[in-house]
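What follows is a short report on a single structure.
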Amino acid sequence: MSVSVKTETQFGTYANHADNDNNYYGGAAGGGYMTTGSPYGSTAGSPGGFARKSETAHSLRPMTVYQLLQASQAHTDADWILDDQEIGQVTVVAYIVSVQAQATNSQYMLDDGSGRIEARHWTDSSMEDESEKNGIVEGAYVRVLGSLKTFGNKKYINTNLIRQIDSPSEIYFHLLEVMYVTMVWERGPPTKPKQEVTSRQNGAGPSTAYSAQPTVTSSDRYSHLPNLHRSIIAFIQAQPSSAEGVHVSAIARMVGGDAVAVSNALDNLTDDGVVYTTGDESHFTLC
């Protein structure tokens, strides 16, 4: 796990060993945040709206600057990838080394002890620049939310929100959160008791090719998916390995979901590269 760093800050020494509803993220309408409308538009969509990104691509991930610098993309329009996982919106806690204010944007050089990266905050010329009033100045610690971009082979954060940090506790919180999220992606979430998926077939009956009952655990790498999606994956995993795959009717019967809901879930899993069709459009297996 590539997130270890030890850094001296104005709040003292801390060790970086490492969507959340907590006070440290605040809200877009207050809390000292500077909001922006980027000229590049939203990163959540895709050209023409034809491609559907995975849930990971829409999530907010706490990261260090070092991790951002290690991220890569297959081509200029591809998603950013770190440790085989897509990166959507990111949040970084760092101090401002320098500020360059321009007519349309302000450029902040950020340093969190693991590396340096530029953050660009676009401003509306019709609105007063309140960055200094909000404490967004050289030497200040800030939390930045945005998306990773590149220009001229140089990475930068295209910011949506930026605000000053007043408490050293938020720095420690961010470092621990980075560590936790990274470990979850590498090893899965903490183990919890197994919970069997309720099936419509509760009575005893003759054994069939799809008689194995699915069991969903929260320790697998699919724990971030909706329950129906996880139930489908667990059922397919429970079946004997076969090149033919599992028929959609058997999946719907065993997971106990509505036919339309199961069909939509399979479409989502196919789009996300979790399952694929085999001999025809009615049989599925895991990627």
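Results, tabulated for the structure shown:
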{"item": "Residue tally, condition within 16 Å of the chain's Cα centre (by Cα) and either outside the structural domain of residue 117 (by TED's automatic domain parsing) or of a type in the set (A, V, I, L, M) (or both), over the range 157-184", "result": "6"}
{"item": "Filter result (touching a helix residue (DSSP H, G or I) at 6+ places or on another chain (Cβ under 6 Å), buried (at least 17 other Cβ atoms within 10 Å of the Cβ) and not polar (S, T, N, Q)) within the range 100-120", "result": "112, 117"}
{"item": "Any hit, the range 168-180, residues being closer than 17 Å to residue 100 by Cβ and at pLDDT below 95", "result": "no"}
{"item": "Residue in the range 256-287 that is surrounded by the most Cβ atoms within 10 Å (Cβ to Cβ), counting only those that are β-branched (Val, Ile, Thr), more than 21 Å from the chain's Cα centre (by Cα) and within 27 Å of residue 85 (Cβ to Cβ)", "result": "262"}
{"item": "Check on residue 157, under 22 Å from residue 71 (Cα atoms) and either at pLDDT 85 or above or not in a strand (DSSP E or B) (or both)", "result": "yes"}
{"item": "Any hit, the range 117-124, residues being at pLDDT 95 or above and of a type in the set (Asp, Glu)", "result": "yes"}
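The values are calculated or read from the model by the stated rules, or taken from the named source; none is laboratory data. Keep in mind the model is a prediction, meaning the values are calculated, not measured. Note that we place each Cβ from the backbone using ideal geometry, even for glycine, and neighbour counts take in every protein chain shown.
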